[in-house]
1. So which residues in segment 80-101 are in a loop (DSSP other than H, G, I, E, B) and either polar (S, T, N, Q) or crowded, with 22+ Cβ neighbours inside 10 Å (or both)?
2. Considering ARG45, ARG109, which residue is more than 17 Å from LEU20 (Cβ to Cβ), open to solvent by 50 Å² or more (accessible area, probe 1.4 Å) and among the basic types (Lys, Arg)?
3. Hey, does segment 69-78 have a residue that's of a type in the set (Gly, Ala, Ser), open to solvent by 40 Å² or more (accessible area, probe 1.4 Å) and at pLDDT 95 or above?
4. Tell me, yes or no, whether segment 55-66 has at least one residue that is under 21 Å from VAL5 (Cβ atoms) and either of a type in the set (Phe, Trp, Tyr) or surrounded by 14 or more Cβ atoms within 10 Å (Cβ to Cβ) (or both).
5. Quick one: in segment 102-114, which of the residues that are within 16 Å of ARG38 (Cβ to Cβ) and not in a loop (DSSP other than H, G, I, E, B) is nearest to the chain's Cα centre (by Cα)?
6. Can you name the residue in segment 24-42 that is in a strand (DSSP E or B) and modelled with pLDDT of 95 or more and is also surrounded by the fewest Cβ atoms within 10 Å (Cβ to Cβ) among such residues?
7. Kindly evaluate THR117 against the criterion of being touching a residue at least 12 places away in the same chain (Cβ under 8 Å), over 12 Å from the mean Cα position of the chain (by Cα), over 17 Å from SER52 (Cβ atoms) and buried (at least 16 other Cβ atoms within 10 Å of the Cβ).
8. Of the residues LEU20, LEU11, only one is open to solvent by 70 Å² or more (accessible area, probe 1.4 Å), in a strand (DSSP E or B) and either touching a residue at least 24 places away in the same chain (Cβ under 8 Å) or among the charged types (D, E, K, R) (or both); which?
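The values are calculated or read from the model by the stated rules, or taken from the named source; none is laboratory data. All of these numbers come straight from a predicted model, not from anything done at the bench. So basically every Cβ, Gly included, is an ideal-geometry build from the backbone, and we count neighbours across all protein chains shown. All accessible areas refer to the heavy atoms of the entire protein, side chains included, with ligands and DNA or RNA removed. Shrake-Rupley method; radii C 1.70, N 1.55, O 1.52, S 1.80 Å.
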Amino acid sequence: QVQLVESGGGLVQAGGSLRLACAASGRTFSRDAMGWFRQALGKEREFVAAISKGGSTIYADSVKGRFTISRDNAKNTVYLQMNNLKPEDTAVYYCAKSESSIYYSDSIRYSLWGQGTQVTVSS
């Protein structure tokens, strides 16, 4: 069965760092764009970052300069390096797979989602 599994979430103090990983199983995703989204309690899911098949990236303004998305096609894994974390980054983080090789910030472009991993940033 094709699935995405996130890991790496946890509790960190403001200014700290975490690296999330999203492992894909069941098939290779090297030809697909991948994205990270997040949903804070009581809020709608929002775009965080995405990476194309070729490695081009796009970020939400709120994380630009602090977060870095990358992929290791040999390991079928996408990463989200999060530095200088802020309390407002607290959310459940989801990775998602697009049916396209081009990245999008619109969640409707993504067809497969992981179960999410909780990131909590304390002040």
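1. Start the filter on segment 80-101 by keeping residues that are in a loop (DSSP other than H, G, I, E, B), which leaves 83-86, 90, 99-101.
ASN83, ASN84, LEU85, THR90, SER100, SER101 - these are the residues of segment 80-101 that are in a loop (DSSP other than H, G, I, E, B) and either polar (S, T, N, Q) or crowded, with 22+ Cβ neighbours inside 10 Å (or both).
2. ARG109
3. Taking segment 69-78 as the starting set, the residues that turn out to be of a type in the set (Gly, Ala, Ser) are 70, 74.
Filter again for open to solvent by 40 Å² or more (accessible area, probe 1.4 Å), leaving 70, 74.
Retained after the next criterion (residues that are at pLDDT 95 or above): 70.
Yes, there is a match, as at least one residue in segment 69-78 is of a type in the set (Gly, Ala, Ser), open to solvent by 40 Å² or more (accessible area, probe 1.4 Å) and at pLDDT 95 or above.
4. Checking segment 55-66: not a single residue is under 21 Å from VAL5 (Cβ atoms) and either of a type in the set (Phe, Trp, Tyr) or surrounded by 14 or more Cβ atoms within 10 Å (Cβ to Cβ) (or both).
5. TRP113
6. GLN39
7. In short, no.
8. Residue meeting the stated conditions: LEU11.
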